[in-house]
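*Asks:* Supplied in structure tokens, the structure appears directly below.
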Amino acid sequence: MTEQPRVTAEHTADKRLRERARAVIPGGMYGHQSTALLPGAYPQFMRGGRGARIWDVDGNEYIDLMCSYGPVVLGHQHPRVEEAAAAQAALGDCQNAPGPVMVDLAELLVRTVRHADWAMFAKNGTDATTMCCTIARARTGRRKILVATGAYHGAAPWCTPRPAGVTPQDRENLGYYTYNDMESVRQAAAAAGDDLAGILVSPFKHDAGYDQELVDPGFARGLRALCDETGAALILDDVRCGFRLHLGSSWEPVGVAPDLSAWSKAIANGHALAAVLGNDAFRDGARQLFVTGSFWFSAVSMAAAIATITALAEERAVEAMERSGAELRDGILAQAHSWDLPISYTGPDVMPYLSFAGDEDHRLGDVFAEHALRGGVYLHPRHNWFVSAAMTGDDIARALEATDRAFAAVRKQIGN
């Protein structure tokens, strides 16, 4: 595979868009989507995508290993999803009331996810995690929510990782524990006392910039037992993982059912949608809430979600992603060994994270990512990657050719 040519002219489309953005968007793109974390060669604006390929505004093509940071699970422009979205758009999208498709989708989710007796809809993951916490408080009459230290649950003041504009009062009803450490959870629960409303947890530890950590089944069962004992809600943040690890809740294979779960990203293959699913014990808490948004009734996204979930099942998409992810993992590990580079390759195969030993400032990760990009693969040096069901054998082969060259660049950076 020849190295992907990069547009280096002084006035590229991407450069012009960055200059325009700086004038009208605070911080330009660097303040809007944390793109400052990416090496400078990365494009900031994309033109489109199809299957497992994407193109930037200067026409460069890449194998997509980020999938829009998770939403694209079946591949870009999946025909079945786009046909369903277009058919609903021809009828109506944003209307005075929801379309019948909302009930259809709620019924499908309840049939698909074991712990779900009901569903509510919103637009993004922060909506869903916030609603889960609010429902837990409404149901229990308590205030405290426990979260894992360093975990990301959205961009609202109560959970954003950035302190700017956030007051101590925004966080005063949070308690903190260490992921996979049940004793730390018990200590945090004891500190909350009779005011414990819920425990919020991710399916596995996927903090950006750190090696990932799969859940210990005993830890998951311990959380369930503690919530049963205290009457608090067990809340699973399935926004990032939902419908990638399992066609259902990500903890169904672990055998642990949450009371409430938050969903977004892959639920509609890139169309804007989020959902909260819950069991009957928390139905009344959900019924007490007033939550809405101008576009929360968007019927097009709901039609896309029905098509997405149906395709995930009929095309056995989770199994396809697992096969592709395993092939990618085996290739990456073999390459790292051949270049004598110690790496960590953590997390599920469909959502892997690569890091280099001792690379605390991600300098080597940046070198790897930039050279992978030049070889035609779009990945991230500080965030887990995503494998879509659209990945073909040719896509994986091309990706591995690029990563091999990227490992070579890291080896050169370190020296022989």
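All of the numbers you see were taken from the coordinates with simple rules; none came from a lab. From a predicted model like this one, the values you see are computed outputs, not experimental measurements. Positions of Cβ are backbone-derived with ideal geometry, glycine not excepted, and every protein chain shown enters the neighbour counts.
*Asks:* For region 79-314, taking Cα atoms only, what is the radius of gyration to one decimal and the Dmax to the nearest whole Å?
*Replies:* Every Cα atom of region 79-314 included, Rg and Dmax give 17.5, 55 Å.
*Asks:* Let me ask you something else. Rounded to the nearest 20 Debye, what is the dipole magnitude of region 325-411 about its Cα centre when Lys and Arg each give +1 and Asp and Glu each give -1 at the C-beta?
*Replies:* The calculation lands at about 120 debye.
*Asks:* What is the spin-label model distance, in nm, from Tyr345 to Asp194 if the labels are put 7 Å beyond Cα along the C-beta direction?
*Replies:* Modelled inter-label distance: 5.4 nm.
*Asks:* Let me ask something else. What aspartates and glutamates sit close enough to Lys15 to cross-link, taking a C-alpha to C-alpha distance under 14 Å and skipping anything fewer than 8 places away on the same chain?
*Replies:* Excluding near neighbours in sequence, the set is Asp56, Asp58.
*Asks:* Now for a separate question. Tell me which aspartates and glutamates have Cα within less than 20 Å of Lys412's Cα, excluding those fewer than 8 residues away on the same chain?
*Replies:* Straight-distance partners of Lys412: Glu3, Asp340, Asp359, Glu360, Asp361, Asp366, Glu370, Glu401, Asp404.
*Asks:* How much length is gained on full extension from Gln413 to Arg50, taking 0.36 nm per residue of separation minus their Cα-Cα distance?
*Replies:* 127.3 nm is the gain from fully extending Gln413 to Arg50.
*Asks:* If the chain between Ala313 and Thr149 were fully stretched, how many nm would it gain, using 0.36 nm times the residue separation less the Cα-Cα distance?
*Replies:* Net length gain for the segment: 55.6 nm.
*Asks:* So how much slack lies between Arg162 and Phe290, counting 0.36 nm per residue of separation and subtracting their Cα-Cα distance, in nm?
*Replies:* Fully extending the segment from Arg162 to Phe290 adds 43.3 nm.
*Asks:* Still on this structure, I have one more. So which residue, out of Ala275, Ala23, Ala155, gets the largest mean-square fluctuation from a GNM of the chain using Cα contacts under 10 Å as springs?
*Replies:* Fluctuation is largest for Ala23.
*Asks:* Turning to a different aspect of this structure: Which distance in Å, rounded to a whole number, links the C-alpha centroids of region 189-264 and region 316-388?
*Replies:* Rounded to whole Å, the Cα centres lie 26 Å apart.
*Asks:* Then there is this: Report the FRET efficiency, 1/(1 + (r/R0)^6), for Ala13 and Asp170, where r is their Cβ-Cβ distance and R0 is 30 Å, rounded to 0.05.
*Replies:* 0.15
*Asks:* Picking from Asp349, Asp117, Asp181, which is most flexible by a Gaussian network model of the chain using Cα springs under 10 Å?
*Replies:* Comparing Asp349, Asp117, Asp181 in the GNM, the peak value goes to Asp181.
*Asks:* Hey, another quick one. Over all distinct Cα pairs, what is the inverse of the mean 1/r for the chain, reported as the Kirkwood hydrodynamic radius in Å?
*Replies:* 22.4
*Asks:* Looking at the chain, what % of its DSSP beta bridges pair antiparallel, to the nearest 5?
*Replies:* 60
*Asks:* Hey, another quick one. I'd like the GluC sites (Glu not before Pro) in region 303-363 restricted to DSSP loop residues with at most 16 other Cβ atoms within 10 Å, sorted by number.
*Replies:* Glu315, Glu360
*Asks:* What order do you get for Ile306, Ile199, Ile414 when you list them from fewest to most C-beta neighbours inside 10 Å?
*Replies:* By the 10 Å Cβ count, ascending, the order reads Ile414, Ile306, Ile199.
*Asks:* Where is the GNM fluctuation largest for the chain (alpha-carbon springs, 10 angstrom cutoff): Ile343, Ile135, Ile396?
*Replies:* Ile343
*Asks:* Let me ask something else about it. Which lysines, if any, have their Cα less than 23 Å from the Cα of Lys123, not counting same-chain residues under 8 positions apart?
*Replies:* List returned: Lys265.
*Asks:* For Ile25 paired with His337, estimate the spin-label separation in nm (one decimal), with each label point 7 Å from Cα along the Cα-to-Cβ line.
*Replies:* 4.3
*Asks:* Under 19 Å from a point 7 Å along the Cα-to-Cβ line of Ala281: which residues of region 217-247 have their amide N that close?
*Replies:* Residues 218-238 qualify, since their backbone N sits under 19 Å from the label point.
*Asks:* Please label the shape of region 204-332 as rounded, prolate or oblate, based on the square roots a ≥ b ≥ c of the eigenvalues of the alpha-carbon gyration tensor (a/c under 1.5 means rounded; beyond that, a/b larger than b/c means prolate, else oblate).
*Replies:* It comes out oblate by the Cα gyration axes.
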